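These notes concern the structure reproduced below.
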Amino acid sequence: MNGKKVSSKIENGYVSITREWQAGDTIELALPMEIQVVKADEHIKADRGHVALRYGPLLYNVETADQPKLDLTPDVKSLTTEWRGDLLGGVMTIKGKWSDGSPLLAIPNYARENRGGDSSMVWLKANE
């Protein structure tokens, strides 16, 4: 805080900083970000056996604008992030391979269906 480390406490998933706040105080926060593979809830029949890709708080989407087939299984071990300033005004993408070795590109869900293509998907087939 204000260029100095301060102690904090995590309570119920929230970081708590207790202090007397002054006008102009600043907080710099570094959050670790990694690609997460989220399994669909087994109680939802339509999504059973599927996963979604998440980076930080954002869900990602695959589109036919980037790959012709969306019904493949992602190769989870191949997934990495890449900043693409040339795409959709600048987005962090998830790239990797599908199970057949073809390239996979996922974009933040909020930016989907802005470049043509027939369809897009959040829920992808999971490895059986």
### Task
Please work out the C-alpha center-to-center distance from segment 1-56 to segment 89-121 and express it in whole Å.
24 Å
### Task
Report the trypsin sites (Lys or Arg not before Pro) located in segment 1-108 that are in a DSSP loop and have at most 11 other Cβ atoms inside 10 Å of their Cβ, or state none.
Lys4, Lys5, Arg19, Lys69
### Message
I'd like the carbon and sulfur percentage of the solvent accessible area for segment 49-128, probe radius 1.4 Å, heavy atoms only, ligands and nucleic acids excluded.
### Response
50 percent
### Query
Which one, [x] 1.36; [y] 3.39; [z] 1.00, gives Cα Rg over 2.2 N^0.38 Å as derived from the coordinates shown?
[x]
### Message
Which GluC sites (Glu not before Pro) in segment 39-91 sit in a loop by DSSP (not H, G, I, E or B) and have at most 10 other Cβ atoms within 10 Å of their own Cβ?
### Response
Glu42
#### Entry: Accessible area in square angstrom per residue, segment 12-128, 1.4 angstrom probe
68 Å²
### Cβ-defined net charge surrounding Ala52, 12 Å radius [Lys, Arg +1; Asp, Glu -1]
+1
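The values are calculated or read from the model by the stated rules, or taken from the named source; none is laboratory data. All values reported here derive from a predicted model rather than from experimental measurement. For neighbour counting, all protein chains shown are included, and Cβ atoms are generated from backbone atoms with ideal geometry for every residue, glycine included. Each accessible area value is taken on the protein alone, full model and side chains, heavy atoms only, with ligands, DNA and RNA left out. Shrake-Rupley method; radii C 1.70, N 1.55, O 1.52, S 1.80 Å.
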